[in-house]
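Structure, as structure tokens:
The values are calculated or read from the model by the stated rules, or taken from the named source; none is laboratory data. Computed from a predicted model, the values in this text were never measured in an experiment. Neighbour counts are summed over all protein chains in view; Cβ atoms, including those assigned to glycine, are modelled from backbone coordinates with ideal geometry. Surface areas here come from the heavy atoms of the whole protein model, side chains and all, with no ligands, DNA or RNA. Shrake-Rupley method; radii C 1.70, N 1.55, O 1.52, S 1.80 Å.
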Amino acid sequence: MSLAEPRPRTLPSTMQRDVDGLVRWTESNYMQLNPVKCKVMVIFFMRNPPPPPQLYVGPSELELVQFARVLGVILQADLKWSTHVNSIVSKANRRLYLVRVLKKHGLVNYDLTLVFCGFVRPLLEYACPVWHPGLTTLQSNHIEAVQKRACRMILGKNYVSYDRALEQLSLTPLYLRRRNLCMKFALSISKSPTFSSWLPPKRGSVHGRDLRSKNKFTPFSCRTSRFKNTTLPFTVELLNEL
């Protein structure tokens, strides 16, 4: 469970009150919070940051961290994705050992590709609608390098180039797959009776005129590239391309 508190710098934090309420709720439901596993992460972009709040579970003060894993995705205090990318690439490269071993045991290219798609590639695409919009070119290339390495392993001496290997093995570049997954996510949100409210209104409902763009969503007003390269603005951008 995660607790969040957006607040101006001048106002005091009320997070301890929320933590105390969570402690009471867990105790009334015969559970207990483990202070060692509870972390505090402060996100700010001011030149003179305020002192971080001191939060307690019982007598134990909670540790202040710069990144935290939430449902398998590593969030950083600076809202970048370098730690998460390095983590998934490291895990995927370790799993490529399975492809190497099976190659030595004579598995054919088709089956090796299935192993890669079933056991390695999902690590590089898990929850990608959350983090794909914020990737830098370097991070995207870092992820793509895992599939390049897999192609070299599978084809061996027959490897000529990455583009040729993708054609031979019927694979798609990972950045295109992530974009397609983000598009599926965007379409599912737009059709969801529960989550469609996350999206801004369509232009036709705002100005009331029968224009060609009436079915397009009103773009988010993004003052920073940091916000522009997040899930919902990118989702609106994808939907407006349809």
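I need the full set of residues from the stretch 159-184 which are among the hydrophobic types (A, V, I, L, M, F, W, C) and either touching a Leu at 6+ places or on another chain (Cβ under 6 Å) or open to solvent by less than 80 Å² (accessible area, probe 1.4 Å) (or both), in order please.
Ala165, Leu166, Leu169, Leu171, Leu174, Leu176, Leu181, Cys182, Met183, listed by residue number.
Could you look through the stretch 1-30, keep only residues that are within 28 Å of the chain's Cα centre (by Cα) and among the basic types (Lys, Arg), and pick out the one that is most open to solvent (accessible area, probe 1.4 Å)?
The extreme case among them is Arg9.
Starting from the stretch 102-125, take each residue that is more than 30 Å from Leu71 (Cα to Cα) and among the hydrophobic types (A, V, I, L, M, F, W, C) and list its partners that are at pLDDT 95 or above and surrounded by 13 or more Cβ atoms within 10 Å (Cβ to Cβ), counting only C-beta distances under 7 angstrom and pairs at least six apart or across chains.
Correct list of pairs: Leu102/Leu112; Leu102/Val115.
Filter the stretch 31-56 down to the residues that are of a type outside the set (A, V, I, L, M, F, W, C) and not in a loop (DSSP other than H, G, I, E, B), then identify the one that is least open to solvent (accessible area, probe 1.4 Å).
Tyr56
Considering only residues of the stretch 155-206 that are within 27 Å of the chain's Cα centre (by Cα) and β-branched (Val, Ile, Thr), which is farthest from Val236 (Cα to Cα)?
Among those residues, the one meeting the criterion is Thr172.
So, in the stretch 44-86, exactly how many residues are free of Cβ contacts under 8 Å to residues at least 60 places away in the same chain, closer than 20 Å to Ser140 by Cα and among the aliphatic types (A, V, I, L, M)?
4
Are there any pairs, at least 6 apart or on different chains, whose C-beta atoms fall under 9 Å, with the first in the stretch 158-171 and more than 11 Å from Tyr110 (Cα to Cα) and the second among the aromatic types (Phe, Trp, Tyr) and part of a loop (DSSP other than H, G, I, E, B), and if so, which?
Between residues of the stretch 158-171 that are more than 11 Å from Tyr110 (Cα to Cα) and residues that are among the aromatic types (Phe, Trp, Tyr) and part of a loop (DSSP other than H, G, I, E, B), the close pairs are Ala165/Tyr159.
Out of the stretch 119-129, which residues are more than 14 Å from Arg179 (Cβ to Cβ) and not small (Gly, Ala, Ser)?
Phe119, Val120, Arg121, Pro122, Leu123, Tyr126, listed by residue number.
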